[in-house]
Each structure stands twice: as C-alpha cells, then as structure tokens.
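Trainee: For reference, the structure I am asking about is given below.
The values are calculated or read from the model by the stated rules, or taken from the named source; none is laboratory data. It should be emphasised that the depicted structure is a prediction, and the values quoted were computed from it without experimental measurement. Note: ideal-geometry Cβ built from the backbone for every residue, glycine included; neighbour counts use all protein chains shown. Heads up: the accessible areas ignore ligands, DNA and RNA and are worked out on the full protein's heavy atoms, side chains in. Shrake-Rupley method; radii C 1.70, N 1.55, O 1.52, S 1.80 Å.
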Amino acid sequence: TENRLNSEAFDNLIKRVSSHKKEVLLKHREDLSTNTKLLSYICLRILLCDYLKLENQKLAFCKNENGKPYVKGNPIFFNLSHTKDAFVVAISENEIGIDIEMHQSPSERLIDRCFTEDEAAFAKLSTENFLRIWTAKEAVLKLLGTGFSFSPKNFSVLPLEDEHKINGEKIKFF
C-alpha cells in the first residue's frame, strides 16, 4: 500500500510551511512524492526551531546568490534531499550537502555528462558504485550551492574515503 497522508493530516501539516512551498506542494498534491517533500520540510522546520530555540513562525529562510536557502540571521547550515518515499535532513555549523537516491541502474547518459573518466569506469562496475559516486557528486553541488551551473565533470569524488578540495572548499564524504 502507498504511504499517503490522509487529507486531514496533509491539510494540517501544509499550514506550517511557507506560502511558496505550500503553492508548489498543492500543485502536485496527488503525487506521492509530495507527501515526502511536505514531511521533509516539516521535519527540517522542527529540527531547526529546536536547534535555534525559535518558534515556527519566527523561522525565516532567505536564499544566497545561487539560490541556496539559509536561515535568516543564524549561522547554521542545513540541507535536505528526498526521493519518492524517503528523505534525509542534515544540520551543521559548517556548510553541508547531502543527497539520497532511489536504487536505480547506472545511466550511461548521466555518467557521460557528469562523471570524470575514472569515475565513469568505477561507476560502470556496479549499481552501488554508480549510486555512491552520483550521491557524492550531488551532495558536493548542494554544499557549494551552485547546482549544475558548476559542472560535476569539473571535479572527481574519487577516492571516496579521502578529503577533497573542490572549488576552494575542503570536502569529506561520510
């Protein structure tokens, strides 16, 4: 069975997100991933309010020059990622990026567009390798706040166990 919020729960929770998020979520209300997105936003708000000792109404988000959201007036960093039916939230005192993906087969097109030669060779060995590299790449782009305006082909995440310097930032994968 689908893990869908009932109408009452959805209506109660959606009141707690920004008007912009509410508008986006309501457009896609019937999509199962909308429930996951809504729950991820609510979880993020609860965690940030608790961490910052703020009431929900006082939690205000802004966006930097690249569109990456941050909490207005607070030196706290966060990131979230969601799939159809799962999400992950990260909060830190340092810049952070995180990604979660559904288990999927390697995409040759994606590998060719986004992976270095060494990463491509490693990714083609197994689905697990592909997903480890792809989630690391996306997490880096989210940490940097650039999205795909900074090409993921411009940097390598291999070896995944090492610390890397990417676009001037020290990055460690966990």
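Trainee: Looking only at segment 73-108, how many residues end up being open to solvent by less than 90 Å² (accessible area, probe 1.4 Å), under 24 Å from residue 129 (Cβ atoms) and either β-branched (Val, Ile, Thr) or out of contact with any strand residue (DSSP E or B) (no Cβ under 9 Å at 6 or more places or on another chain) (or both)?
Mentor: 11
Trainee: If you don't mind, another one. Considering only segment 109-121, I want to know if a residue exists there that is of a type outside the set (Asp, Glu), open to solvent by 40 Å² or more (accessible area, probe 1.4 Å) and under 26 Å from residue 40 (Cα atoms).
Mentor: No, because not a single residue in segment 109-121 is of a type outside the set (Asp, Glu), open to solvent by 40 Å² or more (accessible area, probe 1.4 Å) and under 26 Å from residue 40 (Cα atoms).
Trainee: In segment 36-67, how many residues are in a helix (DSSP H, G or I), out of contact with any strand residue (DSSP E or B) (no Cβ under 9 Å at 6 or more places or on another chain) and under 24 Å from residue 147 (Cα atoms)?
Mentor: 3
Trainee: When you go through 45, 29 one by one, which is the residue that is basic (Lys, Arg) and exposed (fewer than 15 other Cβ atoms within 10 Å of the Cβ)?
Mentor: Of the residues listed, the single one that is basic (Lys, Arg) and exposed (fewer than 15 other Cβ atoms within 10 Å of the Cβ) is 29.
Trainee: If I go through segment 150-174 residue by residue, how many of them are open to solvent by 30 Å² or more (accessible area, probe 1.4 Å) and within 16 Å of the chain's Cα centre (by Cα)?
Mentor: 2
Trainee: Here are some conditions: (1) of a type in the set (S, T, N, Q); (2) under 24 Å from residue 62 (Cα atoms); (3) open to solvent by less than 80 Å² (accessible area, probe 1.4 Å). Residue 129 meets all but one. Which one does it not meet?
Mentor: (2)
Trainee: Go through (1) without any contact (Cβ under 8 Å) to a residue 12 or more places away in the chain; (2) open to solvent by 20 Å² or more (accessible area, probe 1.4 Å); (3) hydroxyl-bearing (Ser, Thr, Tyr) and name the single condition residue 34 misses.
Mentor: Residue 34 satisfies every listed condition except (2).
Trainee: Return the residues of segment 20-35 that are over 21 Å from residue 89 (Cα atoms), at pLDDT below 80 and in a helix (DSSP H, G or I); say none if nothing qualifies.
Mentor: Selection gives 26, 27.
Trainee: Still on this structure, I have one more. Give the residues of segment 132-143 that are within 22 Å of residue 68 (Cβ to Cβ), open to solvent by 30 Å² or more (accessible area, probe 1.4 Å) and not β-branched (Val, Ile, Thr), sorted by residue number.
Mentor: Within segment 132-143, 138, 142 meet the criteria.
Trainee: Which one of these does residue 70 not meet: (1) in a strand (DSSP E or B); (2) open to solvent by less than 40 Å² (accessible area, probe 1.4 Å); (3) under 26 Å from residue 154 (Cα atoms)?
Mentor: (2)
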